[in-house]
1. List, please: which pairs have Cβ atoms under 9 Å, are six or more places apart or on different chains, and start with a residue in segment A:73-93 that is farther than 16 Å from A:T58 by Cα and free of Cβ contacts under 8 Å to residues at least 12 places away in the same chain and end with one that is within 11 Å of DNA strand D (Cβ to nearest atom) and open to solvent by 70 Å² or more (accessible area, probe 1.4 Å)?
2. When you scan segment B:127-145, how many residues do you find that are at the interface with chain A (Cβ under 7 Å from one of its Cβ atoms) and assigned to a helix (DSSP H, G or I)?
3. Kindly check whether there is at least one residue in segment B:104-126 that is closer than 24 Å to B:V36 by Cα and either open to solvent by 50 Å² or more (accessible area, probe 1.4 Å) or not in a helix (DSSP H, G or I) (or both).
4. State which residue pairs qualify: first residue touching a residue at least 60 places away in the same chain (Cβ under 8 Å) and inside segment A:23-49, second residue among the charged types (D, E, K, R) in any location, beta carbons under 8 Å apart, and separation of 6 or more residues or different chains.
5. For segment B:83-107, which positions are away from every other protein chain (no Cβ under 14 Å), among the hydrophobic types (A, V, I, L, M, F, W, C) and more than 7 Å from DNA strand C (Cβ to nearest atom)?
6. Scan segment B:31-43 for residues that are at the interface with chain A (Cβ under 7 Å from one of its Cβ atoms) and either at pLDDT below 95 or under 13 Å from the mean Cα position of the chain (by Cα) (or both) and jot them down.
7. Residues in segment B:48-59 that are more than 12 Å from DNA strand D (Cβ to nearest atom) and more than 10 Å from every other protein chain (Cβ to nearest Cβ): how many?
8. Tell me, please, whether a residue that is crowded, with 22+ Cβ neighbours inside 10 Å and more than 8 Å from chain A (Cβ to nearest Cβ) can be found in segment B:67-76.
Protein chains: 2
Amino acid sequence: MNDLPEGLITGMNEVKGSAGLPDTLVFRLGTLGAVVGDRFAGRIERLDLKPKHVGLLTALGQGSFASQQDLAGRLGVAPSLVVSLADHLESLGALRRVRDPQDRRRQVLTLTDRGHELLAACTAEATTLDGELTAHLDEPERRALHATLGSLATRAGLSTA
Amino acid sequence: MNDLPEGLITGMNEVKGSAGLPDTLVFRLGTLGAVVGDRFAGRIERLDLKPKHVGLLTALGQGSFASQQDLAGRLGVAPSLVVSLADHLESLGALRRVRDPQDRRRQVLTLTDRGHELLAACTAEATTLDGELTAHLDEPERRALHATLGSLATRAGLSTA
DNA sequence: CAGAATCATTCGCACTATGAATGATTTACC
DNA sequence: GGTAAATCATTCATAGTGCGAATGATTCTG
């Protein structure tokens, strides 16, 4: 706890000996993620969707999942939450629940046309926001950022692949 | 916007005409931020701190703020939340509340030595996590990521300066 | 020297997400 | 083959988080 070189902590707004908290990846990703997430949430409000709904839509759009529990694991939330998310999406006509004939305990969630529409609308909003955020970057920088964040995501256990 | 080499975006088993949601900056930042934030939260649990507390500590460590309301604006939360965050940090001995003699409505929040210690401990945890996340990157990549995220942060209204 | 404005604080409320029961269905074992 | 354990979706009660509207103290304005 006290193995830090003294003189490291220089109060006000001076140069730090090593990186200060605001200069860490963790801090940057955390704050940026929160801000960007909030802004995105504001834009999909008109669709009666919240980020978690979009997460479920996205997962369903990527492929079929055996159970809602797998889905829950994928999204990193409790299975009971998947139920209420699916409830809402179903009420919007974005997905259908069908009993799996092979295993009638399972409910197979399938995107409807409306679901694909909503997903496309969300993608459009995200893409627009992307443009606003990266307007000051040149194309190589954008590519590098995209690639690096992708590798971070897989490394952090977020399997897009 | 669609000048991406095809074959780049291979979700699970499909290829989209344009970029899919999971490939947007917004989505990546949102999910990464959430995951990394949660992991960070787990590591500072032993210090009896949560990310929001660290945010307040960080803000206080960066400079003096006139009012708690300015602080609230800085953190993007309601002033009433700053009160409870400060309550907890005060109970940990991390900060002191002193009435501003110039304007006795205001409470000036000041980090104690213990507060600086906690901030340093959080920085250490974040730095460790940084290392784990970026272990597979080479130094130029790390620098580029750091720089780009920094520019995004300022552009997004997160004044680190 | 009143009244409006600003500060920190408290309180009640809404929302989110979780874990523990519940009931239906399937699998495993003897 | 039939019973017990496991697994699934769902409901329910609950904890935690953060906000907005009052409250009381203090300062600014005319």
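The values are calculated or read from the model by the stated rules, or taken from the named source; none is laboratory data. This one's a predicted model, so the numbers in the text were calculated from it and none came from an experiment. With ideal geometry, Cβ positions are generated from the backbone for all residues, glycine too; neighbour counts draw on all protein chains shown. Note: areas computed on protein heavy atoms with side chains; ligands, DNA, RNA excluded. Shrake-Rupley method; radii C 1.70, N 1.55, O 1.52, S 1.80 Å.
1. Once the first residue is farther than 16 Å from A:T58 by Cα and free of Cβ contacts under 8 Å to residues at least 12 places away in the same chain and sits in segment A:73-93, its partners that are within 11 Å of DNA strand D (Cβ to nearest atom) and open to solvent by 70 Å² or more (accessible area, probe 1.4 Å) give A:P79/A:Q69.
2. Qualifying residue count, segment B:127-145: 7.
3. Residues of segment B:104-126 closer than 24 Å to B:V36 by Cα: B:115-126.
Next, only the ones that are either open to solvent by 50 Å² or more (accessible area, probe 1.4 Å) or not in a helix (DSSP H, G or I) (or both) stay: B:116-117.
Yes, segment B:104-126 contains at least one residue that is closer than 24 Å to B:V36 by Cα and either open to solvent by 50 Å² or more (accessible area, probe 1.4 Å) or not in a helix (DSSP H, G or I) (or both).
4. Filtered contacts from segment A:23-49: A:F40/A:E125; A:R43/A:E125; A:I44/A:K50; A:I44/A:E125.
5. Residues of segment B:83-107 that are away from every other protein chain (no Cβ under 14 Å), as a first pass: B:83-93, B:96-107.
Among the residues that remain, those that are also among the hydrophobic types (A, V, I, L, M, F, W, C) are: B:83, B:85-86, B:89, B:92, B:98.
Of everything in segment B:83-107, those that are away from every other protein chain (no Cβ under 14 Å), among the hydrophobic types (A, V, I, L, M, F, W, C) and more than 7 Å from DNA strand C (Cβ to nearest atom) turn out to be B:L85, B:L89, B:L92, B:V98.
6. Pass one, segment B:31-43, residues at the interface with chain A (Cβ under 7 Å from one of its Cβ atoms): B:31-37, B:40.
Result: B:L32, B:G33, B:A34, B:V35, B:V36, B:G37, B:F40.
7. Total meeting the criteria: 0.
8. First, the residues of segment B:67-76 that are crowded, with 22+ Cβ neighbours inside 10 Å: none.
Looking for residues that are crowded, with 22+ Cβ neighbours inside 10 Å and more than 8 Å from chain A (Cβ to nearest Cβ), one finds none in segment B:67-76, hence no.
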